[in-house]
1. Say whether the condition of being without any contact (Cβ under 8 Å) to a residue 24 or more places away in the chain, charged (D, E, K, R) and surrounded by fewer than 19 Cβ atoms within 10 Å (Cβ to Cβ) is met by at least one residue in region 190-211.
2. Quick one: which of 290, 283 is closer than 23 Å to residue 324 by Cα and buried (at least 18 other Cβ atoms within 10 Å of the Cβ)?
3. Is it the case that region 279-289 has a residue that's of a type in the set (Gly, Ala, Ser), more than 28 Å from residue 47 (Cβ to Cβ) and in contact with an Asp or Glu (Cβ under 7 Å, 6 or more places away or on another chain)?
4. Kindly provide the set of residues from region 214-245 that are over 21 Å from residue 277 (Cα atoms), among the charged types (D, E, K, R) and more than 24 Å from the chain's Cα centre (by Cα), ordered by number.
5. If I go through region 161-220 residue by residue, how many of them are more than 22 Å from residue 128 (Cβ to Cβ) and small (Gly, Ala, Ser)?
6. Scan 30, 111, 59 and give me the residue that is closer than 23 Å to residue 296 by Cβ, at pLDDT below 95 and not hydroxyl-bearing (Ser, Thr, Tyr).
7. Can you tell me which residue within region 159-189, out of those that are among the small types (Gly, Ala, Ser) and out of contact with any strand residue (DSSP E or B) (no Cβ under 6 Å at 6 or more places or on another chain), is surrounded by the fewest Cβ atoms within 10 Å (Cβ to Cβ)?
8. Can you pull out the residues in region 230-252 that are crowded, with 18+ Cβ neighbours inside 10 Å and touching an Asp or Glu at 6+ places or on another chain (Cβ under 8 Å)?
Amino acid sequence: MIAIDVHTHMLNRDWLELLRQHGKPHYELRATLDKTEGVFLDGAPFMTLMPGHFDYETRIRRMDEAGVGMAIVSLTCPNVYWGGREVSLEAARIVNDDMALAERRYPDRIRWFCSLPWEYPQNAVEELKRATANGAVGVMVLANIDGRSLTDPLFAPIWQAIDDLALPVLVHPSAPPGAALLDLSSFNLIASVGFMVDTTLSFARMIFDGFLDRYSNLKLIASHAGGTLPFLAGRLDQCFEKMNAARAKISKPPSSYLRRIYYDAVTYRVEALKLCLEIGGADKVLYGSDYPHNIGDMAGCLARVDSLPPAEREAVRGGNAARLFKL
């Protein structure tokens with residue numbers, strides 16, 4: 001089974017220039033402590049730009065070196081949630097068209113998640129139709145959209161359109177709301193801790209809100225092995241059993257919903273990967289690398305997957321992704 005990377009990112013120079021021009025007051029580009037340009041959110045380091053973000057030829061070489069057969073690429077945060085309606089839509093189109101072009105150049109190696117201007121539902125639904133017609137095999141969304149929860153009623157038309165198409169959705173973290181109050185500007189804590197908090201809060205909210213019951217065709221992928229969801233599975237169930245508020249909209253334990261979610265294998269300890277497999281199920285975990293971020297680990301993540309027992313290894317390596325994305 002070839003390795004299929006479902007969590008791996010590409011940017012685009014035109015998208016970056018739009019962010020440079022229209023990302024303020026929240027986003028700006030300037031030098032990081034790692035001596036390269038990076039994206040900052042309200043003064044906090046947010047994403048370090050790497051050469052591989054912009055170079056598909058380098059990507060293919062790195063995939064060959066690591067033994068990865070196919071990549072399903074996506075934009076990363078801050079995605080296109082800035083600049084107003086026209087800029088947001090333009091940014092989505094730029095990235096989606098660039099990824100469609102990459103698929104045409106490398107038809108055996110590249111697939112892609114589309115980005116949408118989620119803050120403008122009518123435009124988002126129209127771009128979803130355009131992008132899927134151009135080859136998108138799924139949708140990429142951040143775990144919060146400029147501070148709004150994914151369960152916000154504003155987004156219901158977009159979710160319904162995605163549900164009607166039964167598309168996979170990669171839910172990728174961003175800085176959690178309140179990052180400044182949490183003092184995440186120090187030590188790059190947004191990357192190490194904040195992202196995990198954002199994913200965990202987003203999915204916990206969707207579970208307790210009954211979101212997965214309303215959109216039964218959704219195939220959600222929780223980034224970074226689900227953040228801290230596997231570790232918290234027992235606590236979520238305990239609160240469900242003991243607290244009325246946790247049962248307000250669902251009648252089944254949260255852990256049962258954790259079995260309906262997909263997870264990528266972007267975790268840096270095999271023990272964490274095994275816990276994710278135990279909680280989510282071996283049929284729900286997908287290989288990912290987080291390449292080309294500076295903490296991405298294409299070869300290491302694959303090595304941890306390849307250390308699993310044979311049946312689990314083949315499923316996580318690519319079998320689950322081939323089934324999910326109909327490859």
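The values are calculated or read from the model by the stated rules, or taken from the named source; none is laboratory data. Quantities reported herein were computed from a predicted structural model and do not represent experimental measurements. Cβ: placed from backbone, ideal geometry, glycine included. Neighbour counts: every protein chain shown.
1. no
2. 290
3. Yes; the residues of region 279-289 include at least one that is of a type in the set (Gly, Ala, Ser), more than 28 Å from residue 47 (Cβ to Cβ) and in contact with an Asp or Glu (Cβ under 7 Å, 6 or more places away or on another chain).
4. 241, 242
5. 11
6. Step by step, each of 30, 111, 59 is checked, and only 30 is closer than 23 Å to residue 296 by Cβ, at pLDDT below 95 and not hydroxyl-bearing (Ser, Thr, Tyr).
7. Out of the qualifying residues, it is 186.
8. 230, 250
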